[in-house]
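J.: Pasting a structure here, questions to come.
The values are calculated or read from the model by the stated rules, or taken from the named source; none is laboratory data. Remember, it's a predicted structure, so these values are computed and weren't measured experimentally. Cβ sites come from the backbone with ideal geometry, for glycine too, and all protein chains shown count toward neighbours.
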Amino acid sequence: MGTAGKRKAQRQPEISGEQSTRQDRVQQRYTLGKARAVDVVGFVEARSFEINSLQRSLDDAKAAGNVRAFQTLPRHLRRRAASHNVKRIPARLRERAIAEMKKSAQTSKALAGTDRLTGAAKSSRYKRRRARTVREEYELRQTGKRWLETHVWHAKRMHMAEMWGTMVAKTPNERSHRAAYRAAKEKTYIHDVSYFVTLEISGAEQAIVQLLRRLTPPDEPSLSAKPYVSGSRMVPLTLHRAGMYPLAMLGPAMALWQPQSDAESRKLWLRMHPAIGDPVKAELAVAAESLADSGPSAVHITDITCDLVSFELLGNQSTQLLSTILSQATSPEASGSVALRLIRTVPSPATLPESVVIALRMHDPRLRFPYKVDPDSNALLPEEHQQLQNLLLRWPADTAALDSPQDHGIWDRAACAAALEKRPSEHMLNERRQKQLIPGTKLEPDPSTDVTVPLLLVRTGPEAQLGSRVIQTDRKYIDSFAHGWTLIAPKGWGMPLWMAFNFAGARAQGMDERLHISLEAGLPMFPADWPGTTAYDGWTGAAATEARQKWTRRPPGKRTNYLKFGAESPFYPPFHKLLGISGIPDVYPPTTLDSLECRKRCLQKIASKRKAVMVDSNAAGDASECAMAVDEATSVQHSEVRSHGTEPKDSTGSMWLVSGERLAMVVASLLVDTRLSEDNLTSCSAFLDWARPLLPSSVVPDCSTEPRNKDVT
């Protein structure tokens, strides 16, 4: 052998016996005959050792690179300021985070000489913040507003806002606009809708139907229809004030009957947005009283909002995620459990009938936490394909009932409260996990200690937002944005279910993201997109106030000049223009109308020009003085506006100049100083009819038709 051959032989690495055996087996497989194709499965099996080694090396290099411990968590599970507080990182990563923080130049000085990281010197604080003390503190902080069960989880990751007497998640701390879009389009997004109001109406079936008929349009779906009475479908409704249809609309709602055969003792749930909760309760109370006076049947109305928790899951993968988490049903052969098991393979929830209801009872979701959606588990058996086709063609009417007629499930609030008291604590479950022979093994349900959870699944779609049946076939009604599920569970099970959904892949969203997703779906979100209702006025009024305050906090030189761009209503949607009604613009020159000095200058200039037309206080005035005062005030305001460079593009009408509250008060003060006669009352009333809603009653003149012999007040 030559020198080159010896060097080549020396450079060859040593091959172990296991690798030599695999290579020989592969060589024999591919040298037998002239193979014209590659056996991919055999090749991958032979190279599995190398592939796994490469994958482990890549994972180790990724963890050892320029990635902090808190950055290894998914973005939707990270907490705010986790890079500075080690206690906001999971326990399995805290040692690594402590080492990184000690090496950090930013935190080394702040932590020098302290035991802030390890927490050894926190015994006194630990005693102060025991479970009982924390619970009492949280109860005190809920004065005047209600916290949802997931409030603490949301407060660590989202901006919170008080809406309708409840603290609601507004938007995540991180930038999540695109992520929310992708989650709703391709995966699953979840939103806590436990703030929705749920009213329980109990009584005779016919009495309940007559009660709701007074608040619903006559062409709405009949509550006594067979699919609805059985409880297998929810009824979309549009509520109005009693006896005022088609006026005085309140908003959309969903009704659900309890599956029960006794027509004299029925229950119906009415779910609605909290913006119309109080008006609907008041209307129902009045209608129930009139119904009791006219007949012997009595109807009882109970607010059970605090007894339920509900989550909204939308997206293409929402069905698969729910099927994975709710697979541990106590009765696998029940109709609802079978339906949920069959529909796990549907590509989108839009292929399922809308507003259908599935009732089931599952084991404690904490037993098998955390959950993971396995795509391979979605395959159906050959005999299940025909069952799925039959299910999609004709949805069964017994999916809303449990297997036992005596088991009322979530409708029995006393049984739900008793089960919550018997629920094992998290400490007891951890002790059971420690006794497992194989660490990480899921716990099996123990009938002697574990309890079950009754649940309701409702197929959510456009009907819930429109308040009526959807028969259109347009793409916006079949898009994945608008379709999903609403999960209703008893109180006390909010956090276990919420954690299960989040760790399984659902992305939590706030109110802003929910509104944006409805916009992408082409559906109106109540109350933001329901003009003409009282709830819409409250929503847009609050939004306009917030936007106006944000605009006025900026320096005058840095504010957007809406008047120069011709935007008369930048903070409030000017729907009045669609009807030809002149409304009140939102903006006006702040340097002129907001200043008391400007008002004084206006009055002084007007007084100097009115010397020729000023009359004695005991003489009757002329109506032309009113018009002259308005014209002079308008000209003064025009000069003030031009001096500040804020003249609008189109000032032909100049109505915007007298529609501001401050200038209208100036004109009203001039009218108060002027004496009116009977001949001039008509022309003055035209202005006062327009200006009276803008002004306090103390400064509005009284243009009555009676003769006047005294000053106008």
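J.: In the stretch 202-223, what count of residues is obtained for those that are of a type in the set (D, E, K, R) and either in a helix (DSSP H, G or I) or in the same structural domain as H483 (by TED's automatic domain parsing) (or both)?
T.: Within the stretch 202-223, residues that are of a type in the set (D, E, K, R) and either in a helix (DSSP H, G or I) or in the same structural domain as H483 (by TED's automatic domain parsing) (or both) number 2.
J.: Here's another thing I want to ask about it. Within the stretch 328-365, work out how many residues are part of a loop (DSSP other than H, G, I, E, B), over 30 Å from T449 (Cα atoms) and of a type in the set (A, V, I, L, M).
T.: Qualifying residue count for the region: 2.
J.: Still on this structure: Residues in the stretch 167-197 that are surrounded by fewer than 17 Cβ atoms within 10 Å (Cβ to Cβ) and under 25 Å from T534 (Cβ atoms): how many?
T.: Matching residues across the stretch 167-197 total 1.
J.: Separate question: Every residue in the stretch 224-245 that is part of a loop (DSSP other than H, G, I, E, B), in contact (Cβ under 8 Å) with a residue 12 or more places away in the chain, of a type outside the set (F, W, Y) and under 20 Å from H273 (Cβ atoms), please.
T.: If the condition is that a residue be part of a loop (DSSP other than H, G, I, E, B), in contact (Cβ under 8 Å) with a residue 12 or more places away in the chain, of a type outside the set (F, W, Y) and under 20 Å from H273 (Cβ atoms), then M234, R241, A242 are the ones that fit.
J.: Only one of (1) within 28 Å of H151 (Cβ to Cβ); (2) crowded, with 22+ Cβ neighbours inside 10 Å; (3) not assigned by TED's automatic domain parsing to the domain that holds P490 is not met by G315, so which one is it?
T.: Only one criterion in (1) within 28 Å of H151 (Cβ to Cβ); (2) crowded, with 22+ Cβ neighbours inside 10 Å; (3) not assigned by TED's automatic domain parsing to the domain that holds P490 is unmet by G315, namely (3).
J.: Looking only at the stretch 151-166, count how many residues are touching a residue at least 60 places away in the same chain (Cβ under 8 Å) and either surrounded by fewer than 19 Cβ atoms within 10 Å (Cβ to Cβ) or out of contact with any Ser or Thr (no Cβ under 8 Å at 6 or more places or on another chain) (or both).
T.: Number of matching residues: 10.
J.: Now for a separate question. List every residue pair whose Cβ atoms sit under 8 Å apart, with the two residues 6 or more apart in sequence or on different chains, where the first one lies in the stretch 417-433 and is closer than 16 Å to A489 by Cβ and the second, anywhere, is outside any helix (DSSP H, G or I) and of a type in the set (G, A, S).
T.: Taking only residues 6 or more apart or on different chains, the pairs are L420/G492; R423/G492.
J.: Now a separate question. In this structure, is A528 free of Cβ contacts under 8 Å to residues at least 24 places away in the same chain and in contact with a helix residue (DSSP H, G or I) (Cβ under 7 Å, 6 or more places away or on another chain)?
T.: Here the answer is yes, as A528 does meet what is asked.
J.: Now a separate question. Run down L215, L270 and say which single residue is under 26 Å from L402 (Cβ atoms) and in contact with a helix residue (DSSP H, G or I) (Cβ under 9 Å, 6 or more places away or on another chain).
T.: Matching residue, one of L215, L270: L270.
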